[in-house]
1. Output the residues belonging to segment 18-60 that are more than 19 Å from ARG80 (Cα to Cα) and in contact with a strand residue (DSSP E or B) (Cβ under 6 Å, 6 or more places away or on another chain).
2. Would you mind stating whether LEU76 is crowded, with 16+ Cβ neighbours inside 10 Å, modelled with pLDDT of 95 or more and touching a helix residue (DSSP H, G or I) at 6+ places or on another chain (Cβ under 6 Å)?
3. Among (1) under 23 Å from TYR7 (Cα atoms); (2) touching a Gly at 6+ places or on another chain (Cβ under 7 Å), there is one condition HIS86 misses while meeting the rest; what is its number?
4. For segment 45-69, enumerate the residues that are closer than 18 Å to ARG126 by Cα and of a type in the set (A, V, I, L, M).
5. Looking only at segment 47-99, how many residues end up being more than 16 Å from ASN119 (Cβ to Cβ) and touching a residue at least 24 places away in the same chain (Cβ under 8 Å)?
6. For the list (1) closer than 15 Å to VAL13 by Cα; (2) without any contact (Cβ under 8 Å) to a residue 60 or more places away in the chain, I need the number of the one condition that GLY105 fails.
7. Listed residues MET1, MET23; which is surrounded by fewer than 14 Cβ atoms within 10 Å (Cβ to Cβ), aliphatic (A, V, I, L, M) and either more than 13 Å from THR63 (Cβ to Cβ) or modelled with pLDDT under 95 (or both)?
Amino acid sequence: MLRLLRYLWALPVTLLGVLVVVMARSSGGSVQKVDGVLESAGEWPARILRRGFPFSGAVAAMTLGHVVVGVSLDALSATRAHERAHVQQFERWGMLLLVLYPLAGLLALLRGGNPYRDNVFEQEARAAEMAPSREPRR
């Protein structure tokens with residue numbers, strides 16, 4: 001029941017992610033499900049991710065609720081622990097994360113730090129990368 005509530009809480013952002021997956025798939029990208037998370041790689045989203053975003057620049061992957069979009073299947077595999085931390089953040093904060101994340105970046109900048117590297121949400125995700133990993137279920 002708790003798992004269902006987490007999915008429902010993150011659902012509005014997940015639906016946005018599903019839209020990105022549909023566009024990725026229609027442009028030749030791949031789609032797979034790993035540990036209850038929809039992953040998509042390549043083509044149209046890869047071009048956007050490689051072009052980058054303000055403050056972070058180019059990224060290998062990005063999370064939208066229970067959807068992770070990456071530049072390639074290798075990038076999805078390499079960033080899985082990091083992106084799963086962001087999935088958990090969406091489960092905790094829901095749509096609010098779309099506001100809290102940039103605010104955390106702004107706060108980091110105002111404190112003299114880097115808005116991406118010193119963002120508390122990114123720090124949490126980087127800490128998850130260091131935790132012992134387990135093999136994902138497909």
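The values are calculated or read from the model by the stated rules, or taken from the named source; none is laboratory data. Remember, predicted model here, so these are calculated numbers, not experimental data. Here the Cβ positions follow ideal geometry from the backbone for every residue, glycine too, while neighbour counts run over all protein chains shown.
1. Hit for segment 18-60 is ARG25, nothing else.
2. Working: crowded, with 16+ Cβ neighbours inside 10 Å: yes; modelled with pLDDT of 95 or more: yes; touching a helix residue (DSSP H, G or I) at 6+ places or on another chain (Cβ under 6 Å): no.
Here the answer is no, as LEU76 does not meet what is asked.
3. If we test HIS86 against (1) under 23 Å from TYR7 (Cα atoms); (2) touching a Gly at 6+ places or on another chain (Cβ under 7 Å), just (2) comes out false.
4. Listed by number, the residues that qualify are ALA58, VAL59, ALA60, ALA61, MET62, LEU64, VAL68, VAL69.
5. Looking only at that region, the number is 19.
6. Tallying (1) closer than 15 Å to VAL13 by Cα; (2) without any contact (Cβ under 8 Å) to a residue 60 or more places away in the chain, GLY105 fails exactly one: (1).
7. Working: MET23 fails: surrounded by fewer than 14 Cβ atoms within 10 Å (Cβ to Cβ).
Within the list MET1, MET23, the selection yields MET1.
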